[in-house]
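The values are calculated or read from the model by the stated rules, or taken from the named source; none is laboratory data. This is a predicted model, so every value here is computed, not measured. Neighbour counts run over all protein chains shown; Cβ positions are idealised from the backbone, glycine included.
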Amino acid sequence: MAIIDFFDRGRAINPAGVAYRTDDEVWTFDEAGALSCRIAHALLSAGMRRESKIAVLSPNSPLAWICVLGAWRAGAAWVPLNPAHPVSENIRLLRRFDVEVLFYHPALADQVAELKTAAPEVGVYIALAAGTDDVTLRDWTAQHPTAPPRVGYAMDDVVAVAPTGGTTGAPKGVMNTHRSLSAMVTHQMMALVHPAGAPIVNLAAAPMTHTAGLFSLQATARGGAVVIIPRATPERVLDAIERHRVTDLFLPPTVIYRLLEALRQRTADTSSLRYLTYGAAPMSTEKLRAGIERLGPVFLEGYGQMEAPAAISFLRPDEHLIDGRVAPEHRLRSCGRPYPLATVAILDESEAEVAAGVTGEICVRGDLVMKGYYKDPEHTAETIVDGWLHTGDLGHRDAEGYLHITDRKKDLIISGGFNVFPGEVEQVIWSHPAVRDCAVVGAPHPDWGEVVTAVVELEAGQTVGEAELIARCRERLGPVRAPKAVVFVDQLPRSVNGKVLKKEVRERFWADRSTRI
């Protein structure tokens with residue numbers, strides 16, 4: 001089915017019900033559907049074709065997301081832009097991915113003025129509201145019909161080109177299709193089960209340009225409401241859960257840590273929550289255990305990457321428990337079992353599958369896998385080999401079939417000839433109550449090549465010494481894997497989605513070998 005069919009399914013179930021809500025506006029399914037049809041007709045009238053590239057530059061907003069729906073309804077491909085990124089990066093994406101139409105929020109008019117000068121290939125600019133010299137969305141779509149246009153499609157048509165990497169050189173554009181995104185939503189609907197007739201309220205708190213937007217589709221497909229807030233601050237999230245009786249949301253681990261910290265300072269009625277999905281980065285099992293004890297069995301881990309979006313495997317809330325108690329460390333460190341539209345294998349360097357418990361590269365094939373990288377056959381051929389997507393993640397399967405991610409292949413530390421997986425060290429450091437977050441990297445060493453180094457961010461008002469953390473790691477991991485140095489920082493570098501930028505942490509050591517962070 002086409003990706004827009006998921007929205008239309010929800011509209012058929014609940015046409016007069018709330019589809020999108022903020023503190024200031026409410027959109028029913030019929031209203032959002034009608035506008036998406038107008039947008040689709042306007043795009044087609046402007047000469048857009050199947051797989052034409054349409055970008056949206058806006059903070060979290062119902063109108064911005066409805067523009068994505070309109071692009072999909074026209075058969076176009078969505079290019080997500082993040083307003084928190086540097087203007088130079090968004091310029092590069094517009095040009096790299098051949099964007100022809102840009103919808104934007106008027107608050108970003110200054111940034112758009114720079115885009116117009118630097119990316120003349122974009123021929124159409126539509127402002128979501130008044131306040132700029134460009135035509136508004138309302139005026140641009142006013143004369144177009146509210147019935148869906150007749151647009152053919154193939155399951156392998158590209159419907160999203162999402163940037164990945166690209167901090168140096170040309171960014172790679174992950175091409176997801178009707179097939180891969182439909183598999184993603186299907187997996188999400190299988191993992192997030194709701195009782196018949198129960199209300200479904202999804203909270204889009206993280207940027208909708210990333211996982212929050214894609215995770216909203218499973219709620220919309222069932223006629224549920226999506227509550228949209230501008231930023232995922234703990235206070236905003238807790239207030240929204242209470243006010244709107246939120247049933248499910250996605251948050252990266254870093255934001256969950258702050259949420260749990262906020263809950264130590266205030267009360268909040270979170271009884272409506274059925275699913276708090278986490279992913280995008282490893283999570284401290286100590287903090288996960290504390291979260292389950294505070295919020296109950298609502299945590300759902302999702303493992304995926306844009307190349308196999310968001311839904312390779314899930315660790316369901318009930319799988320976080322064994323015999324009614326929080327599961328042991330081994331289970332909590334897994335990311336669940338693979339779901340049926342993705343076949344997972346752990347392969348060694350010779351492309352042979354390894355036995356249970358043996359570490360190799362996690363590889364995926366099936367409907368969930370991307371089509372390839374946009375205009376980048378070389379990287380596509382390196383990443384998809386004989387139909388297998390090489391994720392770049394190292395891991396293993398245990399005897400029960402649960403998938404465990406050891407680390408990113410590129411993050412592996414080789415110190416004195418020994419392999420050290422940073423994730424194992426980070427879990428031990430995270431277990432200390434004074435630690436808010438950490439990143440373990442390899443720093444340069446004249447004899448060992450790399451030396452295990454921990455960069456640590458502490459909880460407010462807490463202290464712990466370097467020697468104590470090193471001793472803790474030595475006791476649990478032995479001397480080889482224990483860090484040889486601990487650097488304390490006020491704040492780790494993070495992406496706009498809250499993920500620690502480990503590459504940036506590492507580069508600070510290697511850029512000038514005479515200094516530390």
Q. Hey, Arg236 hits all of (1) under 16 Å from the mean Cα position of the chain (by Cα); (2) part of a helix (DSSP H, G or I); (3) surrounded by fewer than 21 Cβ atoms within 10 Å (Cβ to Cβ) but one; which does it fall short on?
A. (1)
**Q.** Residue check, Glu293 surrounded by fewer than 19 Cβ atoms within 10 Å (Cβ to Cβ) and among the acidic types (Asp, Glu)
**A.** yes
Q. Of all the residues that make up the range 468-495, how many are surrounded by fewer than 16 Cβ atoms within 10 Å (Cβ to Cβ), within 32 Å of the chain's Cα centre (by Cα) and in a helix (DSSP H, G or I)?
A. 1
Q.
Looking at the range 390-411, can you tell me whether even one residue there is among the hydrophobic types (A, V, I, L, M, F, W, C) and out of contact with any Ser or Thr (no Cβ under 9 Å at 6 or more places or on another chain)?
A. yes
Q. Looking at Gly75, Gly70, which is the one that is in contact with a helix residue (DSSP H, G or I) (Cβ under 7 Å, 6 or more places away or on another chain) and either assigned to a strand (DSSP E or B) or surrounded by 20 or more Cβ atoms within 10 Å (Cβ to Cβ) (or both)?
A. Gly70
Q | Residue check for Val161: surrounded by 13 or more Cβ atoms within 10 Å (Cβ to Cβ) and either among the polar types (S, T, N, Q) or assigned to a helix (DSSP H, G or I) (or both) | A | no
(Q) Being assigned by TED's automatic domain parsing to the domain that holds Val26 and under 26 Å from Phe7 (Cα atoms) is true for just one of Val151, Val112. Which residue is that? (A) Val151
Q.
Please return the ranges of strands (runs of 3 or more DSSP E) entirely within the range 297-356 where 1 or more residues are closer than 17 Å to Tyr278 by Cβ and either among the polar types (S, T, N, Q) or in contact (Cβ under 8 Å) with a residue 40 or more places away in the chain (or both).
A. 299-305, 308-315
**Q.** Residues being more than 19 Å from Pro309 (Cβ to Cβ) and crowded, with 21+ Cβ neighbours inside 10 Å - total across the range 178-204
**A.** 3
(Q) It is to be established whether one or more residues within the range 43-59 are assigned to a helix (DSSP H, G or I), of a type in the set (A, V, I, L, M), surrounded by fewer than 18 Cβ atoms within 10 Å (Cβ to Cβ) and not assigned by TED's automatic domain parsing to the domain that holds Ala196. (A) no
Q | Residue pairs meeting the criteria (Cβ under 6 Å; at least 6 apart or on separate chains; first within 22 Å of Tyr257 (Cβ to Cβ), in the range 437-455; second part of a strand (DSSP E or B) and at pLDDT below 90) | A | Ala439/Val500
Q) So is Val451 in the same structural domain as Arg494 (by TED's automatic domain parsing), in contact with a strand residue (DSSP E or B) (Cβ under 7 Å, 6 or more places away or on another chain) and of a type outside the set (Lys, Arg) or not? A) yes
Q: Kindly provide the set of residues from the range 346-403 that are basic (Lys, Arg) and surrounded by fewer than 20 Cβ atoms within 10 Å (Cβ to Cβ), ordered by number.
A: Arg365, Lys371, Lys375
Q: Quickly run through the range 78-91 and pick out the residues that are under 17 Å from the mean Cα position of the chain (by Cα) and not in a loop (DSSP other than H, G, I, E, B).
A: Trp78, Val79, Pro80, Leu81
Q) Looking at the range 18-34, is at least one residue within 21 Å of Thr146 (Cβ to Cβ) and either assigned by TED's automatic domain parsing to the domain that holds Ala212 or part of a loop (DSSP other than H, G, I, E, B) (or both)? A) yes
